[in-house]
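Everything below concerns the one structure shown next.
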Amino acid sequence: MKKFKIKDIFSFLIIVSILVGTLTSCTSDDSESINSSAPPVINNVSIASAGDLVPTTVGYANNVYIIQGSGFSTLEKIYFNDVDTYFNPTMVTDTDIFVNIDQNTPYENASSELKVVTKGGTVIYPFVIAPPAPQLTRGFQPVNAAEGEQITIYGDFFLDPVVSFGSTEATIVSNTLTEIIAIVPAGGDKQYITVTTISGDITSTYAVGTALYDDIWYGGFAPPEWNNHVYETNNTAAQGTTYFKKDMGGWDNLQGEWSWDDQIAEYAGIRMSLKGPDGSKLKLVFNGNWSDDTAPIITLTSEWKEYYFTWAELLDAGHVQNISFQEFTGNGGEYYFDNFGYILK
């Protein structure tokens, strides 16, 4: 079968756009009648990208596609999932249509149809509008869920998702476009979670069973109340639904409780999500080493960011005993804390 290249079609359409006025004036009434009466036919649809055209039945909003077939010269309307879609008449020939799928085209509970309407008739072609690739906006919770327990995954564009713990597919209890409730399968502990849709996949940055704080504290490391920090529950957390914050003065601190965990052989270090005033800084005081002049100094932004610290960066720690912070600009500000846990090796 002959392969068409997009550069060839573009060249042809440029000529068409230049000559369209002349061609229109030179066309006889008889030929107009023949063209207008020919019913449209769609042979295939391809994304307008460099190289050979590859037919597809799946499209994405805000992308240009080439509809190939015949009978398009009297094109009147194009619909994707019943959305009346704008087209440039100069980018249409009898055999090719260049069209950009409107960004507001629905992809959920839609007809999954491309409809082309000409003076000669209407043709409907099966064509799925896919969502963007899935996203994880607030991870999953609880991180330390056990086999058989339910977890909630927070994100976006979860259309007909498949959830896997490592290589094991999980049972989905329910899902919307922004939340999935799934059951932790056998062997799910210490596995990363992947959500897959027709548009791609996304994998969590931390594994099941690695949390020190995931809306609640584990292991006795919670900051005591005298720190005057505040817990908040809403949809702006870095992970799950609950984070804590403290309005810290210059060189002020937030101190964790003293505990002990030396079962860390399978881990490479610790992680945490933080935010604060742009350019603000926190000193990570690990295991009570307040005088450690090699301690990490963390520069924050006003958006949540996940930070990682290896045991080597923490004086080759062989255990976790205490996690504290010191405001390190002298200016103070409101600091936010969430999603503490271990990093798998």
Efficiency of FRET from Cβ geometry, T301 and N322, R₀ 30 Å, rounded to 0.05: 0.70
Principal axis dimensions, the stretch 55-192 - Cα atoms, whole angstrom, descending: 62, 22, 20
Pair D82, W260: separation of 7 Å Cα→Cβ label points (nm): 6.7
For the stretch 280-322, the fraction of alpha-carbon pairs in successive 10 Å shells from zero, as %: 25, 55, 20, 1
Computed magnitude of the charge dipole of the stretch 160-302 (debye, nearest 20; Cβ of K, R +1, Cβ of D, E -1): 280
Heavy-atom accessible surface of the stretch 251-336: percent carbon and sulfur, 1.4 Å: 47
Point-to-point label distance, N43-L315, nm (Cα→Cβ direction, 7 Å offset): 7.4
Per residue solvent-accessible surface (Å²) - the chain, probe of 1.4 Å: 48
Degrees between helix 6-26 axis and first principal axis of the chain (Cα, 0 to 90, nearest 10): 40
Distance from the stretch 71-97 to the stretch 318-345 (C-alpha centre basis), Å: 57
Euclidean distance between Cα centres, the stretch 213-253 to the stretch 279-311, Å: 16
Cα-based Rg and Dmax for the stretch 159-204, where Dmax is the largest Cα-Cα distance (Å): 10.0, 27
Rounded, prolate or oblate (a/c below 1.5 giving rounded, otherwise prolate when a/b exceeds b/c) for the stretch 123-257 by Cα gyration tensor: prolate
Principal semi-axes in Å for the stretch 122-162 [√(5λ), Cα gyration tensor, largest first]: 34, 12, 5
Dipole magnitude of the chain, debye to nearest 20 (Cβ charges: Lys/Arg +1, Asp/Glu -1, about Cα centre): 880
Cα gyration tensor, the stretch 234-345 - rounded (a/c under 1.5), prolate or oblate: oblate
Potential lengthening between I181 and D52 on full extension [0.36 nm per residue; Cα-Cα distance subtracted]: 42.3 nm
(i) 29, 57, 14, 0; (ii) 25, 36, 25, 13, 1; (iii) 26, 48, 24, 2, with the label sought being that of the calculated P(r) over Cα pairs in 20 Å bins from 0, in percent: (ii)
Full-stretch length increase - E225, V64 - with 0.36 nm per residue and alpha-carbon distance subtracted: 52.3 nm
Relative contact order (%) - criterion: Cα under 8 Å, at least six apart; region: the chain: 12
Computed lengthening from N235 to W290, 0.36 nm per intervening residue step minus Cα-Cα distance: 16.4 nm
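The values are calculated or read from the model by the stated rules, or taken from the named source; none is laboratory data. In this text the structure is predicted, and so the values were computed from the model without any measurement. Glycine also receives a Cβ, built like all others from the backbone with ideal geometry; neighbour counts cover every protein chain displayed. What goes into the accessible areas is simple: the full protein's heavy atoms, side chains included, and nothing from ligands, DNA or RNA. Shrake-Rupley method; radii C 1.70, N 1.55, O 1.52, S 1.80 Å.
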